[in-house]
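Read-outs: derived from the displayed coordinates by stated rules, not from any lab. Note that the structure is predicted; figures quoted are calculated from it, not measured. Reconstructed Cβ throughout: ideal geometry from the backbone, glycine too, with neighbour counts over all protein chains shown.
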Amino acid sequence: MIVTWRIGLRIALTMVVAVVLQVSFFSYLTLFGTTPNIIPLVAVSLGLLGGAMVGAICGFALGFVLDSTLFATLGVSSLILLAVGYLAGRYREGTEISNTLMPPLLIGALTMAASAGFSAIQLMLGVETQVSLLILREIFVQGLLAFLLAIPFYPLIRRVLRPAIVDDVVAGRRMRTPISAAAKGRKRRSRRRVPRMRRATGMS
Amino acid sequence: MYRKQVRRRRAVLVILVVLALVLISTTFSESKSGPLHTVQQGVASVFAPLEEGATRALKPARDLVNWVSETFNARGENSELKTDVQKLRSRLARAQSAVGENQQLKKLLNLDRGGALADYKPMTARVIGRPPTVWYSTVTIDAGSGDGVAVNDPVINGDGLIGRVTDLTHWTSNVTLITDPESAVSGRVLPNGPDGVVQPEAGDPGTMLLDFIDKNEPIHEGQIVQTAGWSNGTISSAFPPGIPIGEVRDTTIGQQETYQHIRINPFADMRDLDYVQVATNGPKRPGVGG
């Protein structure tokens, strides 16, 4: 990803919208007994689109804003989200993503890892009461919901950051190569030629 | 070139991890008025209007999604509710006779002060933010120090106790719910005690545990648990006595244990909070800051 200041602004805006949507919309929903979490989805998506460094930095920033907004212990979400953002970025740098189902699957799995990691840190920081086994079900369902939500959200984030994504820029350029341009020209010319021929031969 | 990139990437990762760990340890060690808390309050203040606007604007969409989800669950709940109604009818009859008796006794004792929070000034607030975690530990509400809210003010809704205010900005407050893993509320089993400590079962907002009740105390399903408002003159519970918390679901007694294992169904549903009431300007409780 080529990160110019305009792209940086788009990324920042994406993160702000994600946090506001999460806190004010998704956290109120109860689907299959748990609340959907789009914050790891956004961190992983940014990692998959921008690479490890973008994923880690965006994950850290997302976590900081989320913890600040919710008066939670600063640093906990940052640590988890920077890890999942970085892992997603490393995966993207090392593997060609050719299957369209791969990003949602990865988002689902890393959301599950993020939820489990967050619960583990909370436990380490001190939970003085019994922990229900329901928590495991919630972690699993959160991953499943993230997979489903990634199907519309990942392409949306990709669209927002499209000008900066190297693959898309290269693909765009490839479409405008001299050969394809000439082919386009020929097509246009041939389209124009038909009526002329018709005129000349008197075809209706 | 590639090696340089790898080195830079690793350096950024290490710096961010260290920064996150520093943030965690500093947040724990510094006081509420420390620089990090101030930054946190600043960010929360900036986001508060956005959250409030989004909460209001997205309510219809939220209700629609929840309606669809609830419709799926409604079938199973229907049969459960039918049996509940039968139980509740008989309990209502008993309760109505008890209410009449109670009013007469209160008049006799001159204690009718209009509920547990009669000495407080209620402030209605809208829930504008919830965390996405599985712990059900906090919510953000749209009333802050500018509305007279103070740290440790009790928060309730129509069903019962919700939690208490733990952080403040001018416009918003952070409420730590009674389902937070670190929460503990002194509770009393009605009608005559005993007193114990109500703690959550972390991760399950529909279950709470009443601890430190002697195994010889007779506790039965359906008994109401309310705040005990415990105080010894120097320190006291943050909650005044008499706020309903929940009802006893079941009890188990281990052979080697001193205390009973009592599970409670909380009255308030922490997953479905839209409006709450903050009890402000109450009498000073010893040892409770605010």
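Note on chain B: GNM, Cα springs under 10 Å; of B:GLU257, B:GLU247, B:GLU221, the largest mean-square fluctuation is that of B:GLU257.
Whole-Hz Karplus values for the range A:130-145 come out as 5, 10, 6, 5, 4, 4, 5, 5, 5, 4, 5, 5, 4, x, 5, 5 Hz, taken residue by residue from phi with 6.51 cos²θ - 1.76 cosθ + 1.60 and θ = phi - 60°; glycine and proline positions read x.
Would you please classify the overall shape of the protein assembly as shown from the alpha carbon gyration tensor, given that a ≥ b ≥ c denote the square roots of the eigenvalues, rounded means a/c under 1.5, and beyond that prolate means a/b larger than b/c while oblate covers the rest? Taking the square roots of the gyration eigenvalues as a ≥ b ≥ c, the protein assembly as shown is prolate. Amide H to amide H distances under 5 Å link B:THR138 with B:LEU177, where only residues 5 or more positions off or on other chains count and H is placed in the peptide plane. Between B:ASN192 and B:ARG10, the distance separating the two model label sites (each 7 Å from Cα on the Cα→Cβ line) works out to 7.2 nm. Modelled spin labels at B:GLN256 and B:SER29, positioned 7 Å past Cα toward Cβ, are 4.0 nm from each other. 3J(HN,Hα) couplings calculated from phi for the range A:49-59 with the Karplus curve 6.51 cos²θ - 1.76 cosθ + 1.60 (θ = phi - 60°) are, in sequence order, 8, x, x, 4, 5, 4, x, 5, 5, 5, x Hz; Gly and Pro show x. Per-residue packing, averaged as other Cβ atoms within 10 Å, sorts the ranges A:3-9, A:17-23 into the order A:17-23, A:3-9, beginning with the highest. Taking all Cα pairs closer than 8 Å and separated by 6 or more residues, the relative contact order of chain B comes to 17 percent. Cβ under 14 Å from A:GLY47's Cβ, A:GLY47 left aside: what net charge do those residues give with Lys, Arg +1 and Asp, Glu -1? Around A:GLY47, the charge tally is +3. Backbone amide hydrogens, once placed in the peptide plane, bring B:ASP211 within less than 5 Å of B:VAL197, B:VAL198, B:GLN199, excluding anything fewer than 5 places away on its chain. Amide H contacts of B:THR280: B:LYS121, B:MET123, each under 5 Å away and 5 or more positions distant or on a separate chain (H built 1.01 Å from N in the peptide plane; Pro and chain starts excluded). Couplings for the range A:100-115, taken from phi via the Karplus curve 6.51 cos²θ - 1.76 cosθ + 1.60 with θ = phi - 60°, read 5, 7, 5, x, x, 5, 5, 4, x, 5, 6, 5, 4, 4, 5, 4 Hz in order; Gly and Pro are left as x.
Count charges around B:ASP147 for me, please; just the other residues with Cβ under 15 Å from its Cβ, Lys/Arg as +1, Asp/Glu as -1. Value of the local net charge: -2. Summing Lys and Arg as +1 and Asp and Glu as -1 over all other residues whose Cβ lies under 14 Å from the Cβ of B:VAL22 gives a net charge of -2.
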